[in-house]
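Reviewing the structure listed below.
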Protein chains: 2
Amino acid sequence: MPLKKVSEYIRRNKRFLITTHTSPEGDALGSQLAFYMLLKKMGKFALMVNEDIVPDEYNFLPGANKIQRVRKSLAKFKFDCFVTLDCSDLKRCGKASIFSINKPVVNIDHHISNARFADVNCVDAKASSAAEIVYRLYKQLRIPLNKDIATCLYVGILTDSGSFHYSNTTSLTHKIASHLLKFGLDSAKIYKKIYQSIPFRDIQLLTRILPNLKVQFDGKVAWLGLEKSSLKNTKISIDLTEQILSFARNIKDVEVVVLFKENLKTKNEIRVNFRSQGKIDVNKIAGFFGGGGHKTASGATVKGSLGQVSKKVLAKIKESL
Amino acid sequence: MPLKKVSEYIRRNKRFLITTHTSPEGDALGSQLAFYMLLKKMGKFALMVNEDIVPDEYNFLPGANKIQRVRKSLAKFKFDCFVTLDCSDLKRCGKASIFSINKPVVNIDHHISNARFADVNCVDAKASSAAEIVYRLYKQLRIPLNKDIATCLYVGILTDSGSFHYSNTTSLTHKIASHLLKFGLDSAKIYKKIYQSIPFRDIQLLTRILPNLKVQFDGKVAWLGLEKSSLKNTKISIDLTEQILSFARNIKDVEVVVLFKENLKTKNEIRVNFRSQGKIDVNKIAGFFGGGGHKTASGATVKGSLGQVSKKVLAKIKESL
C-alpha cells in the first residue's frame with residue numbers, strides 16, 4: 001500500500017477536492033473529515049463535496065458542517081487533485097465523480113472489491129476501515145492528532161468494525177483505538193449518538209413488528225413479511241430494514257435472514273433484503289431474482305404479492321442450504 | 001490497588017479455592033478461568049467452585065468444564081486461600097462462601113460498591129472488568145499468556161465493556177485487547193457464540209415482552225414490568241434481563257433504564273435492575289433500596305407488588321433527573 005506515494009502527492013499539490021460515497025455512514029464521513037483535517041494541518045486548501053447530506057446521527061462530527069453538496073457553482077473552484085475515501089469505484093461517489101474529469105485521482109479505501117480506478121490507489125483490504133488508513137497517513141506524514149481528528153478516526157473505526165466485533169477487527173485496530181482514546185474522547189457518548197438514538201415511536205413500531213419473525217428449514221432461515229399497512233402514516237427516522245435484520249441475526253443457528261417488504265409506492269412489488277452469517281452466498285440468491293450486492297448482504301425487488309414472493313424466495317434459499 | 005500484595009499471597013500459598021458470583025457471566029467466568037490458569041502456570045493446586053453452572057453460551061471457554069458446583073464432598077479438599085473474582089461482597093458467591101470460613105480471603109474485583117470484605121482487597125473501580133485486573137496480575141508476576149488465557153481475558157473484557165462501548169472502556173482496555181488478539185483469537189466467532197446464539201423460543205418470548213416498554217419523565221426513563229405469569233413454564237436460556245435492558249438503551253434521550261421483575265420463587269418481592277447512560281448514578285438509587293453495583297449498572301430486591309415497587313422506584317429516580 002503506497003502510503004509514501006500518497007504522502008508525496010499531498011506534499012506536491014496545494015488544492016484538493018475530497019469526496020466519499022453516496023449515503024455516507026460513519027467510516028465514509030470519519031475518514032473524509034480526518035483526511036480534510038490532515039490537509040488543513042499541512043496548510044493546504046481543501047473542499048469536501050458529497051452527493052448526499054450528512055445523516056442526523058453523524059452531525060456531531062467535528063467539521064461535518066463544512067461538507068458541501070454537489071452543485072454547479074462548485075465548477076469554478078480550482079483544484080489540483082481529486083481524492084475519494086471509502087469508495088470501491090468512482091461510481092460510488094455519485095454525482096461528485098464529475099469533478100474527477102481530467103484531474104489526478106487519489107483513491108483511499110479498504111474494500112476488497114476496490115477497482116483500483118485512480119492514479120494513486122492506496123487500498124488495504126485488511127484495514128478495518130478507511131479511517132484506519134488515514135490514521136496511518138498521519139503517522140507517515142508525522143502530523144500530530146488532536147481531539148477532533150481522533151473523534152473522526154474513532155467513528156470510522158467504530159462503525160466499520162461493528163464496535164470492534166466484526167472479523168476485520170485486528171490487534172492493530174485496537175492499538176489505534178487505544179491511541180485515539182488518549183485524546184479524551186467520550187466513547188460511550190459517541191456510541192450513544194450513533195446507535196442509541198432511536199426515537200421511542202420508532203422503537204414502538206419495531207416492537208410491534210418483531211413478533212412476526214419466523215424461522216424455517218430447521219431454524220436455518222429467519223424471515224419476516226412486512227405489510228404496507230403496518231407502515232402507513234408512520235414517520236420513520238431509523239433504517240427499519242437494518243434494525244429488523246440485525247435483530248434477527250441474534251437467533252441461534254440462523255444462516256440467512258430475509259426481510260420481505262411491500263413496496264410503499266408500487267403495487268404488487270416486494271423489496272427483499274438478505275443477510276447471511278457467512279456460509280450462504282446471498283449475492284447469488286438475490287442475483288437469481290434480478291438483484292445483487294455482497295456475499296453476506298444483498299437485495300432484490302420482486303414482482304408479486306407478499307405471499308407469492310416469500311414462498312418463491314424461501315424455496316430458492318432452501319436449495320442453497 | 002495492591003497487585004503486589006496479591007502476588008505475594010499467591011507465591012506464599014500453595015492450594016487455592018477460586019470462586020465467582022452466582023449467575024456468572026462473561027467477566028465472572030473469564031476472570032475466574034484466567035486466574036485459575038495463572039495459578040496452574042505457577043505450579044499451584046487450585047479448584048474452581050461456583051454455586052451455579054456455566055451458561056451454555058460460555059461453555060466454549062477453555063477450562064469451563066473444570067468448574068465444579070458447590071457440594072458437601074468438597075469439604076475434604078484442603079486449601080490455604082479462598083479467592084473471589086468479580087464479587088462486590090461475600091454474599092455474591094452464594095453457597096460457595098461457606099468455604100471462606102477460617103481462611104484468608106483474596107478479593108479481586110472492579111465494582112465501585114465493593115465491600116472490601118477480604119484480607120487482601122485488590123479492587124480497581126476504574127478497570128473495565130475483573131479480567132483486566134487479572135491481566136495486570138499476569139504482567140506483575142511475569143507469567144506469559146497463551147491463546148487459552150487470552151481467550152478468557154478477552155471474553156471478560158468484551159462482555160463487561162459491552163463490546164468496547166461502555167464508559168468503562170479506556171485507552172488501556174483497548175491496549176490490552178490489542179495484546180490479547182495477538183494470540184490468534186477469532187473475535188468475530190467469540191462474539192457470535194456469546195451474543196448471536198439466542199434460541200428462537202427465547203427470541204419469541206423477548207418479542208412478546210418488548211411491546212410493554214414504556215417511557216416516562218420526558219422520555220428520560222424507560223422501564224418495563226415483568227410479571228411472573230409471563231415467564232411461567234418457560235425454559236429460558238438467555239439473560240432475559242440483559243436483553244431487555246440493552247434493547248431499551250437504544251431509545252433516544254433515555255438516561256435510565258429499569259426492569260422490574262416479579263421474583264419467581266418469593267412472593268411479593270421484585271427484582272429491580274438499573275442501567276444508566278452515564279449521567280445518573282444508579283448505584284446510589286439501588287443503594288437506597290438496599291442494593292448496589294456500579295454507577296451505570298446496578299440492582300436491588302425490593303419487597304412489594306409490581307405496581308407498588310415500580311411506583312416507589314420511579315419516584316426515587318425522578319429525584320435524580
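The values are calculated or read from the model by the stated rules, or taken from the named source; none is laboratory data. Just so it is clear, the model here is predicted, and its values are computed rather than measured. Positions of Cβ are generated from backbone atoms using ideal geometry, with glycine treated the same way; all protein chains shown enter the neighbour counts. These accessible areas exclude ligands, DNA and RNA; they are computed on the full protein's heavy atoms, side chains included. Shrake-Rupley method; radii C 1.70, N 1.55, O 1.52, S 1.80 Å.
The table below lists the values:
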| quantity | calculated |
| --- | --- |
| Within the range B:150-189, backbone nitrogen closer than 13 Å to the virtual label 7 Å beyond the Cα of B:LYS41 toward Cβ | B:150-154, B:180, B:183 |
| Per-copy distances of the B:SER23 label point, shortest first, in nm (7 angstrom along Cα→Cβ) | 4.0 |
| Gain upon complete extension [A:LEU141, A:LYS267; 0.36 nm per residue less C-alpha separation] | 39.8 nm |
| Inter-copy separations for B:PRO104, label at 7 Å along Cα-Cβ, nm, ascending | 6.9 |
| Alpha-carbon Rg with Dmax, taken over chain B, Å | 19.7, 58 |
| Protein accessible area in chain A, 1.4 Å probe - carbon and sulfur % | 49 percent |
| A/B buried area, accessible surface, summed, 1.4 Å probe, Å² | 3400 Å² |
| Cross-link partners of A:LYS232 among aspartates and glutamates (Cα-Cα below 20 Å; sequence separation of 8 or more within a chain) | A:ASP202, A:GLU242, A:GLU262, A:GLU269 |
| Among the listed pairs A:LYS193/B:LYS311; A:LYS40/A:LYS139; B:LYS4/B:LYS76; A:LYS228/B:LYS220; B:LYS147/B:LYS182; A:LYS44/A:LYS76, those beyond 20 Å (Cα-Cα) | A:LYS193/B:LYS311; B:LYS4/B:LYS76; A:LYS228/B:LYS220 |
| Label-point separation in nm, A:LYS228 to A:LYS78, each point 7 Å along Cα→Cβ | 5.5 nm |
| Heavy-atom SASA rank of A:MET37, A:MET48, A:MET42 (probe 1.4 Å, accessible area, largest first) | A:MET42, A:MET37, A:MET48 |
| Under 15 Å from A:LYS265, Cα to Cα: aspartates and glutamates that are on another chain or at least 8 residues apart | A:GLU227 |
| Bins of 10 Å from zero: percent of alpha-carbon pairs in the range A:1-118 | 14, 50, 33, 3 |
| Mean Cα-pair separation over length for chain B, i.e. relative contact order, pairs under 8 Å, 6 or more apart, % | 13 percent |
| Overall form of the range A:201-320 per C-alpha gyration tensor (a/c, 1.5; a/b vs b/c) | oblate |
| Projected area averaged over orientations for the protein assembly as shown, convex hull of C-alpha atoms, nm² | 30.7 nm² |
| Charged-residue dipole, Cβ positions (Lys, Arg, Asp, Glu), the protein assembly as shown about Cα centre, Debye nearest 20 | 480 debye |
| Over the range A:61-138, relative contact order from alpha-carbon pairs under 8 Å, at least 6 apart, % | 25 percent |
| Using alpha-carbon coordinates, inclination of helix B:3-12 to the longest axis of chain B, degrees | 50 degrees |
| Low-density loop cleavage sites - trypsin sites (Lys or Arg not before Pro) in the range A:37-111, where at most 12 other Cβ are within 10 Å (DSSP) | A:ARG71, A:LYS78 |
| Chymotrypsin sites (Phe, Trp or Tyr not before Pro), loop per DSSP, at most 15 other Cβ atoms within 10 Å - longest free stretch of chain A | A:218-321 |
| Heavy-atom accessible area per residue - chain A, 1.4 Å, Å² | 45 Å² |
| Exam field: A:GLU227 pseudo-label spacings to other copies (7 Å along Cα-Cβ), nanometres | 2.7 |
| At R0 = 51 Å, FRET efficiency that the Cβ-Cβ distance of A:ASP281 and B:ASN102 yields, to 0.05 | 0.20 |
| Net charge contributed by nearby residues that have their C-beta within less than 11 Å of B:LYS14 (K/R +1, D/E -1) | +4 |
| Separation between Cα centres of the range A:240-293 and the range A:172-233, rounded to whole Å | 16 Å |
| Mean residue ellipticity (222 nm) of the protein assembly as shown, computed from DSSP H runs ≥ 4 via -39,500 (n - 2.57), nearest 500 | -10500 deg cm²/dmol |
